[in-house]
Structure formats: C-alpha cells, structure tokens
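Comments concern the structure below.
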Amino acid sequence: MSAGLSADIRLYRYNDENGQLVISTQVPLHYARSGYEVIDSRGKVLEVIEPELAGDALLARERQQLQEQQAKIARERREQEGRELLKMYGSVDGVDRAEARQLAEMDAQIAIEQGSIQRLRVQREGKETRAAAIERSGRNVPEGLLQELSGIDAQVVHHRDKIARLEQEKGLLAGRYGEKRELVRQMLGIMAGIERNRELVLTSQDLVGRWQPVNTGEAGVSYWHARDDGAFLLMKAQLDQEEQLLGRWSLDRRNRIVVVYHRREQRLDDGSLQTSPVGREERYQVLDRLENDDLLVRLDDQVVQLSRQ
C-alpha cells in the first residue's frame with residue numbers, strides 16, 4: 001500500500017476499562033460512549049467525539065444550551081429593536097430631540113392643568129365670599145352653594161392627580177429614552193464596523209434611480225439620482241439651504257460608485273441660482289444590499305442605508 005493511501009486510513013483511539021490507550025480500526029459501542037478520537041495512520045487527529053452525557057451532566061448541558069438559546073433570542077430581539085429605533089431617530093441627537101419634544105408636550109399639559117386649578121381657586125374664592133355674606137346676614141348657606149364648593153374641591157383634586165401622573169411619567173421618560181439612546185449608539189457602532197460584502201455582485205443597472213437615506217438627512221444627503229445615461233445628481237442639505245452637485249458616475253469592480261463632479265448649484269435667499277464649477281472625484285463604497293434591496297453605503301465616514309424611491 002502506498003504512503004498516500006495509508007495516510008487516508010481512519011483509525012480510532014480510545015481508552016479501555018483499564019485506562020489503557022487503544023488504537024483500532026473500530027470502537028466497541030460500550031467504549032464509544034466514553035468518547036474517542038479519529039486519527040489517520042500518522043496519528044494526526046481528524047475528529048474528536050465527546051463522551052456521551054448522562055444524569056446530572058446531561059441536565060447541566062441541556063440547561064446551558066437552553067440559556068444560550070434564550071440569550072441568542074434576546075440578543076436578536078434587541079438588535080431588531082435597535083434597527084427600528086435607528087430607522088426612526090437616525091442618530092443619538094435624534095433621540096435627544098424626540099425626548100425634548102415629548103417633555104415639552106408634557107410640560108405644556110402640566111401648565112394647562114395648573115391654569116385650570118388657578119381658575120377653580122378664583123371661582124372658589126368668589127363662592128366663599130358669597131357664602132360668608134349669607135352667614136353674616138344670619139341665614140344658612142344654601143345646600144346648592146355648598147355642593148358647588150365641594151365640586152370645585154373635587155375638580156382641584158382631579159387636576160392635581162393628573163399633574164402628579166404627568167410628573168411621574170416625565171421621570172419614567174428619562175429611563176426609556178436612556179435605553180433608546182444606548183441602543184441607537186450600539187447600532188451606530190455596529191454599522192460603523194460593517195465590512196464590505198465581498199460576495200455582493202452589482203451591476204450599474206442595480207444602482208440606477210433616485211436613492212434617499214432611510215433616516216432623512218443622514219450624512220447631510222437629501223437624495224441622489226444616478227441616471228442610466230451616466231449623469232449623477234447629489235442633493236445635499238446645507239443648514240437651511242440645499243445645494244446640488246452634478247457629475248458623471250460609474251461602478252468599479254469593488255462596488256464603489258465613482259463620481260466625477262463638475263458643477264455645483266445653490267439656490268440663494270433671494271431666489272437666484274448660483275452656479276460654480278467643481279472638479280473633484282468621490283468614491284462611495286457599497287457595503288451590502290439588504291433583503292428589501294436597500295443599500296448600505298459608506299458616505300463621509302458614515303454608513304448610510306439608502307432606499308430607492
């Protein structure tokens with residue numbers, strides 16, 4: 001038998017009941033349960049078969065597997081929630097702005113409730129003055145007036161309870177938005193570390209159309225339009241104004257969108273259009289294409305999810 005063929009022979013190495021190491025062409029069943037190694041004729045380990053577990057050891061492994069599965073499900077659920085939050089808010093600043101808006105709305109509701117209490121107090125003072133005048137005249141305060149005073153007191157309690165609930169909700173809000181902020185921060189970190197899918201195959205036709213960030217305004221981009229005749233338009237948000245860059249585009253072998261810009265157009269405050277020549281090349285790396293055909297593209301050191309409109 002040749003050396004090449006002998007190296008392909010599979011042997012089994014195990015310990016017998018006396019603890020002696022045995023190498024054989026087969027493993028008796030009662031020894032196989034204790035685990036063994038598959039080796040070649042040179043002694044190289046090809047595979048390790050772990051011992052079968054029983055009793056407490058088996059239960060411990062099953063518990064560990066269950067815990068690992070539960071942890072995986074929780075991690076996937078958290079990542080899905082993070083993706084949804086990132087789509088909703090776009091950035092950590094977006095979470096901060098949403099929290100500030102909601103707090104402002106709740107403060108406005110509290111101010112309304114406080115105004116209602118103040119108006120009720122004025123009403124009560126008027127009715128108290130009327131009741132006091134009746135008593136000074138030696139007459140009994142009418143039952144209807146007493147009921148009105150009692151009703152005002154009940155309304156004040158109602159508004160105070162509502163204010164207390166709103167204040168409590170404001171306290172809980174900070175915790176909820178803190179969790180959202182952390183999830184968005186984690187997702188941004190994950191996306192920043194996304195590497196290019198080297199198995200992704202794209203053609204120029206896959207990129208033709210108008211593409212817009214899923215998170216509006218991300219990376220300062222309103223949208224871009226890649227036409228099938230090679231023309232390219234990038235609309236960028238610049239403070240309260242927008243500017244558009246025009247050029248020619250192509251797709252290279254590494255799935256990079258190569259754009260040579262030649263003109264900038266900007267609408268000024270007086271409505272006039274300012275045009276200026278530019279001469280620069282930009283390369284936008286397409287990292288991956290998602291199941292819904294959205295693209296993950298690296299723009300200005302950010303990973304932006306673009307959706308075709």
Considering (1) of a type in the set (Lys, Arg); (2) in a helix (DSSP H, G or I); (3) free of Cβ contacts under 8 Å to residues at least 40 places away in the same chain, say which one residue 139 fails and leave the rest. (2)
Could you list, in sequence order, the residues of segment 250-277 that are touching a Gly at 6+ places or on another chain (Cβ under 8 Å) and of a type in the set (A, V, I, L, M)? 259, 260
Please find, within segment 257-295, the residue that is farthest from residue 222 (Cα to Cα) out of those that are among the basic types (Lys, Arg) and surrounded by 15 or more Cβ atoms within 10 Å (Cβ to Cβ). 289
In segment 277-299, which residues are in contact with a strand residue (DSSP E or B) (Cβ under 6 Å, 6 or more places away or on another chain) and polar (S, T, N, Q)? 285
Taking segment 113-142 and keeping residues among the acidic types (Asp, Glu) and over 17 Å from residue 158 (Cβ atoms) leaves 125, 128, 135
Residues (under 18 Å from residue 187 (Cα atoms), out of contact with any helix residue (DSSP H, G or I) (no Cβ under 7 Å at 6 or more places or on another chain) and among the hydrophobic types (A, V, I, L, M, F, W, C)) located in segment 88-109: 88
Lone unmet requirement of (1) closer than 16 Å to residue 232 by Cβ; (2) without any contact (Cβ under 8 Å) to a residue 24 or more places away in the chain for residue 292: (1)
Assigned to a strand (DSSP E or B), in contact with a Phe, Trp or Tyr (Cβ under 6 Å, 6 or more places away or on another chain), β-branched (Val, Ile, Thr) and more than 29 Å from residue 88 (Cα to Cα): is that true of residue 278 in this structure? yes
Do you know which of the residues in segment 167-206 that are loosely packed, with under 14 Cβ neighbours inside 10 Å and basic (Lys, Arg) is farthest from residue 308 (Cα to Cα)? 176
Somewhere in segment 173-184, is a residue in a helix (DSSP H, G or I), farther than 30 Å from residue 83 by Cβ and not basic (Lys, Arg)? no
Does residue 145 satisfy being free of Cβ contacts under 8 Å to residues at least 24 places away in the same chain, out of contact with any Phe, Trp or Tyr (no Cβ under 8 Å at 6 or more places or on another chain), surrounded by 11 or more Cβ atoms within 10 Å (Cβ to Cβ) and not β-branched (Val, Ile, Thr)? yes
One residue from 228, 270 being modelled with pLDDT of 90 or more and either part of a loop (DSSP other than H, G, I, E, B) or within 21 Å of residue 82 (Cα to Cα) (or both): 228
For residue 95, state whether it is surrounded by fewer than 15 Cβ atoms within 10 Å (Cβ to Cβ) and either outside the structural domain of residue 172 (by TED's automatic domain parsing) or assigned to a helix (DSSP H, G or I) (or both). no
With the condition kept exactly as written, say whether any residue in segment 276-291 is hydroxyl-bearing (Ser, Thr, Tyr), in contact with a Leu (Cβ under 9 Å, 6 or more places away or on another chain) and over 16 Å from residue 197 (Cβ atoms). no
I'd like the full set of residues that are part of a strand (DSSP E or B) and of a type in the set (Asp, Glu), limited to segment 283-302. 288
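The values are calculated or read from the model by the stated rules, or taken from the named source; none is laboratory data. Values in this document were obtained by computation on a predicted structure and should not be read as measured data. Every residue, glycine among them, receives a Cβ derived from its backbone with ideal geometry; neighbour counts consider all protein chains shown.
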